1. With the condition kept exactly as written, say whether any residue in segment 270-285 is closer than 22 Å to ALA171 by Cα and not in a strand (DSSP E or B).
2. Kindly indicate whether SER288 is touching a residue at least 40 places away in the same chain (Cβ under 8 Å) and exposed (fewer than 15 other Cβ atoms within 10 Å of the Cβ).
3. Counting just the residues of segment 88-125 that are modelled with pLDDT under 70 and outside any helix (DSSP H, G or I), which one comes out farthest from SER52 (Cα to Cα)?
4. Select, from ASP257, ASP276, ASP224, ASP280, the only residue that is over 19 Å from VAL193 (Cα atoms), assigned by TED's automatic domain parsing to the domain that holds LYS191 and without any contact (Cβ under 8 Å) to a residue 12 or more places away in the chain.
5. For PHE251, only one of the following conditions fails: (1) within 19 Å of VAL175 (Cα to Cα); (2) in contact (Cβ under 8 Å) with a residue 60 or more places away in the chain. What is its number?
Amino acid sequence: MIKNNKWLFVGLSFVFVVLLGAIYYIYRQHQEIAGLEQQFDIQKEELETEYSQLAVQYEGYGKMNIKNDSLLELWENEKMKVQRLLEELHTVKSTNSTRISQLKKELATLRTIMKGYIVQIDSLNALNAQLTQENVEVKQRYSEASQTVNQLSKEKRELSDKVNLASQLNATNIVVAGLDKRGKSVVKISKLVQLSVTFKIARNITASTGEKIVYIRIVKPDNDVLTKNRMDLFKYENKDINYSCRRLFEFTGEECDLVLYWKIEEYLSPGDYRADIFVDGNMIGQKSFKLDK
């Protein structure tokens, strides 16, 4: 019985030793595989870095230096190819050594192509620089001539503006009065039957003469305009705007007196009002007035 137990112990010891050896072997295998995977990851990361650097070179150099459309198109095609391969490299497994190796060869080819393009680009740029230098004097003379023309045009516009400003009419001595039914001046709204706007058109020998129309806009405290019909419009600053009343008059270049009336047929609220006067598409005068309850 003791002898049998001895052999059983020996057998179990042997099995234990074998198991330890197997475990150690498996552990070593895992360590080696982990080491290889780490190397593959490092190689892939280095290749991604090189592709990224090449993509940056394609992006930066092309925008700054290529002026030829045909060469730019070829350059852009290669740039897109680098970007596609970089995107593929992001997705390919690091253990796929075959594809990694192919992508590494592609990288070398793309670098060679880039160098060839750069030689062509530098040659074209050198030629363009020479032509540009030869045209500097011509461009400078053209620039000086353009500045002279621009200055003359500016002076002409300023002179034209001064003439236009001088030719505009001007309303002076503007008086806005509220009138009762007897024609007497009042300020209480309850007694008003009409408003009168009296003013002078100043003498102006530079303005055009002949028949003209004067428009008046009476603006209420809420900034709305008194008008009998919303279709009563005239042109001002390229817009059609309402007027309250208008009158045809003859301008001879000399001072003239005018008066226009607004018949009150609507409710007027107390507050600050304003009368704007227009002739020939220009506002020539303005007068504020107040109406009380």
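The values are calculated or read from the model by the stated rules, or taken from the named source; none is laboratory data. Being a predicted model, the structure only gives us computed values, none of them experimental. Note that we place each Cβ from the backbone using ideal geometry, even for glycine, and neighbour counts take in every protein chain shown.
1. Yes, the conditions are met somewhere in segment 270-285.
2. So SER288 fails the test.
3. Here the answer is THR95.
4. ASP224
5. PHE251 satisfies all of (1) within 19 Å of VAL175 (Cα to Cα); (2) in contact (Cβ under 8 Å) with a residue 60 or more places away in the chain except (1).
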